[in-house]
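Remarks on the structure that follows.
The values are calculated or read from the model by the stated rules, or taken from the named source; none is laboratory data. Please read these numbers as outputs of a predicted model, since none were measured by experiment. Please note: Cβ atoms are built from the backbone with ideal geometry, for glycine as well, and neighbour counts cover all protein chains shown.
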Amino acid sequence: MTHEQMIHISMINSYHVLMGNTTIEDVAKSGIGVFCHSLDEEDAMNSIGFMIEYFKDLEMYERCAKLKKYVSKTFNEDGSYKDSMCECSHPEIDRYIYPIKCSLCDLTIKR
């Protein structure tokens, strides 16, 4: 696989995970488990912005639009997540599917 193909596959994989079409686990098991998006709150919106620019350059405008909608639904203007954070003293996790949510209160768990 060329470097260019690897970059493109990482963009496609991240796109499908963010859109809810697949899980990180399924992509990782596929043998082509490369991603371009960050799950770290400080970098998440920036990496999605990079994806939007990538797809824009390839004239994949439908993907750009869906990612922009995802950004407006998911992030505040400062790049922080809009999700309410779990405040349980002992959060429970039943599923390790991003975003990780507490099974007691169904709110996002962050480091």
Enumeration of residues in the stretch 29-49 that are out of contact with any helix residue (DSSP H, G or I) (no Cβ under 7 Å at 6 or more places or on another chain), part of a loop (DSSP other than H, G, I, E, B) and touching a residue at least 24 places away in the same chain (Cβ under 8 Å):
39, 41, 42
Spot the failing condition for residue 4; the list is (1) out of contact with any Gly (no Cβ under 8 Å at 6 or more places or on another chain); (2) acidic (Asp, Glu); (3) not in a helix (DSSP H, G or I), and only one is missed.
(3)
Working only within the stretch 61-86, note down all residues that are farther than 19 Å from residue 39 by Cβ, exposed (fewer than 13 other Cβ atoms within 10 Å of the Cβ) and of a type in the set (Lys, Arg).
69
Taking the stretch 87-106, which residues are surrounded by 11 or more Cβ atoms within 10 Å (Cβ to Cβ) and modelled with pLDDT of 85 or more?
88, 91, 92, 93, 100, 101, 102, 103, 104, 105
Among the residues of the stretch 45-52, is there at least one that is out of contact with any Asp or Glu (no Cβ under 8 Å at 6 or more places or on another chain), of a type in the set (Val, Ile, Thr) and surrounded by fewer than 16 Cβ atoms within 10 Å (Cβ to Cβ)?
no
Looking only at the stretch 1-16, count how many residues are modelled with pLDDT under 95 and buried (at least 19 other Cβ atoms within 10 Å of the Cβ).
0
Residues in the stretch 20-32: is at least one within 21 Å of residue 85 (Cα to Cα) and of a type outside the set (Ser, Thr, Tyr)?
yes
Looking only at the stretch 13-53, which residues are more than 10 Å from the chain's Cα centre (by Cα) and among the acidic types (Asp, Glu)?
25, 26, 41, 42, 43, 53
Find the residue count for the stretch 63-81, including only residues that are touching a helix residue (DSSP H, G or I) at 6+ places or on another chain (Cβ under 6 Å) and either closer than 19 Å to residue 105 by Cβ or modelled with pLDDT under 90 (or both).
2
